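Sharing a structure below in structure tokens format, with a few things to ask.
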Amino acid sequence: MTLKDLREKQRELSGLILDRSDKEALRIFLVFSYLGARICYAESHPLMLFEEEKFKDFERFKSFLLHLKRAGHFSVFAHTPLFVDLKGLNAEHKLMLAKSYFKVFWGDEVALFNLRHLAETLTDHDFLYLINREPDLDEIEVVFARNYQILYQGRLSDLDNNLLKDDDSIFAHQEVVLLKSLKRFPFNWIGVITHNFSRIFSHQFVRHTWLNFNQRSHRYTKVDRFVIPKAFKEAHIKQYEEIIQRGMAIYHDLSKNLKKESARFVVPQGVATSLLATGPELVWQDFVDKRAIPQAQEEIRDLAVFLKEVLALST
């Protein structure tokens, strides 16, 4: 089967998914796709993206998502789950769906698709019909932790933005943000933001390919903070800071004549970045199983141990 044949088969089946999906759930989960799209280009705190006018203005919000679809930025829509009712669906249709779509999780009565499955095949008209649900932050629970100390747990809409302020230090304070629905849905979809983690960490994190990822890009945003490994002693930190200062001086000099995408080659790989990762609870369980172990690198191990405790996952 060619890619063209596959797309045609997906178009034929898209109506089946559209008709059987829980559209009201999109009021909660569409915000994950918005966050995934904007985290790539933003220098602000990831949670401050919900203060942007194109998020708060529903018409602009829909236009932005439609623009992403038209531009072919389909990956961001994988952050939004679609819960597809399987009751009464015959075996032939189930087989066709399973053969035509990747990254689908199957239950007895509900299958977990995601919005990317439809964004790639729906017409603009049908896509706008589907996303015509105004986001509701009141239905999202957030756990906000800095240096693995939980500072807030509650509704996202009640979060005090003063908690998101940071100092001017070149060294970053690591933050973990968990996002999930207050209402229970099949498969328990969970979003995790790792803010101010190193690119050494991110190279490992994105290997967990059953999760969906978007990451702050230093191709478009400035380099501003760095992560200190816990193993570093005072002398190591001093050497590290000297390397950072030399590297950043060269980076700023190169940036006068080159694009950031080229100048960033001289930036130390401990530079801080932010990622959004989303997936069902069973995939987060797999992440914890593989990373909450002594052999794992400290950044990713600490995250896995934290998620194990907060999400009450087993090992």
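Going through region 8-17 one residue at a time, which ones are of a type outside the set (A, V, I, L, M) and surrounded by 13 or more Cβ atoms within 10 Å (Cβ to Cβ)?
Within region 8-17, Glu8, Lys9, Gln10, Arg11, Ser14, Gly15 meet the criteria.
Among what's in region 292-315 and is outside any loop (DSSP other than H, G, I, E, B) and free of Cβ contacts under 8 Å to residues at least 40 places away in the same chain, pick the residue that is surrounded by the fewest Cβ atoms within 10 Å (Cβ to Cβ). It would help to see each step written out before you state the result.
Filtering region 292-315 down to residues outside any loop (DSSP other than H, G, I, E, B) leaves 298-310.
Filter once more, keeping what is free of Cβ contacts under 8 Å to residues at least 40 places away in the same chain: 301, 304-305, 308-309.
On the way: Arg301: 16, Ala304: 21, Val305: 17, Lys308: 19, Glu309: 13.
Filtering region 292-315 for residues that are outside any loop (DSSP other than H, G, I, E, B) and free of Cβ contacts under 8 Å to residues at least 40 places away in the same chain, the one surrounded by the fewest Cβ atoms within 10 Å (Cβ to Cβ) comes out as Glu309.
All but one of (1) part of a helix (DSSP H, G or I); (2) among the hydrophobic types (A, V, I, L, M, F, W, C); (3) within 30 Å of Leu82 (Cα to Cα); (4) free of Cβ contacts under 8 Å to residues at least 12 places away in the same chain hold for Trp284; state the number of the condition that does not hold.
Single failed check for Trp284: (4).
Only one of (1) part of a loop (DSSP other than H, G, I, E, B); (2) touching a residue at least 12 places away in the same chain (Cβ under 8 Å) is not met by Leu258, so which one is it?
Every condition holds for Leu258 apart from (2).
Residues that are at pLDDT below 95 and either within 18 Å of Leu6 (Cβ to Cβ) or among the hydroxyl-bearing types (Ser, Thr, Tyr) (or both): find the helices (runs of 4 or more DSSP H) completely inside region 75-132 holding 3 or more of those.
On the way: elements: 91-100, 116-119, 124-130.
Because the criterion is at least 3 residues that are at pLDDT below 95 and either within 18 Å of Leu6 (Cβ to Cβ) or among the hydroxyl-bearing types (Ser, Thr, Tyr) (or both), the helices (runs of 4 or more DSSP H) in region 75-132 that meet it are 91-100.
Follow-up. Among the residues of region 250-268, is there at least one that is surrounded by fewer than 22 Cβ atoms within 10 Å (Cβ to Cβ), under 23 Å from Lys103 (Cβ atoms) and among the polar types (S, T, N, Q)?
No, there is no match, as no residue in region 250-268 is surrounded by fewer than 22 Cβ atoms within 10 Å (Cβ to Cβ), under 23 Å from Lys103 (Cβ atoms) and among the polar types (S, T, N, Q).
Listed here are the residues, each with its yes/no results for (1) under 12 Å from the mean Cα position of the chain (by Cα); (2) under 14 Å from Leu115 (Cβ atoms); (3) without any contact (Cβ under 8 Å) to a residue 40 or more places away in the chain.
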{"site": "Phe32", "(1), (2), (3)": "yes, yes, no"}
{"site": "Leu35", "(1), (2), (3)": "yes, yes, no"}
{"site": "His45", "(1), (2), (3)": "no, no, no"}
{"site": "Glu53", "(1), (2), (3)": "no, no, yes"}
{"site": "Ala71", "(1), (2), (3)": "no, no, yes"}
{"site": "Ser75", "(1), (2), (3)": "yes, yes, no"}
{"site": "Ala91", "(1), (2), (3)": "no, no, yes"}
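Looking at Arg116, Arg146, can you tell me which residue is outside the structural domain of Ser14 (by TED's automatic domain parsing), touching a strand residue (DSSP E or B) at 6+ places or on another chain (Cβ under 9 Å), closer than 26 Å to Ile190 by Cβ and not polar (S, T, N, Q)?
Details: Arg116 fails: outside the structural domain of Ser14 (by TED's automatic domain parsing).
When all the criteria are applied, what remains is Arg146.
The values are calculated or read from the model by the stated rules, or taken from the named source; none is laboratory data. All figures in this text were calculated on a predicted structure; none of them were measured in a lab. Cβ coordinates were reconstructed from backbone atoms using ideal geometry, including for glycine residues, and neighbour counts include every protein chain displayed.
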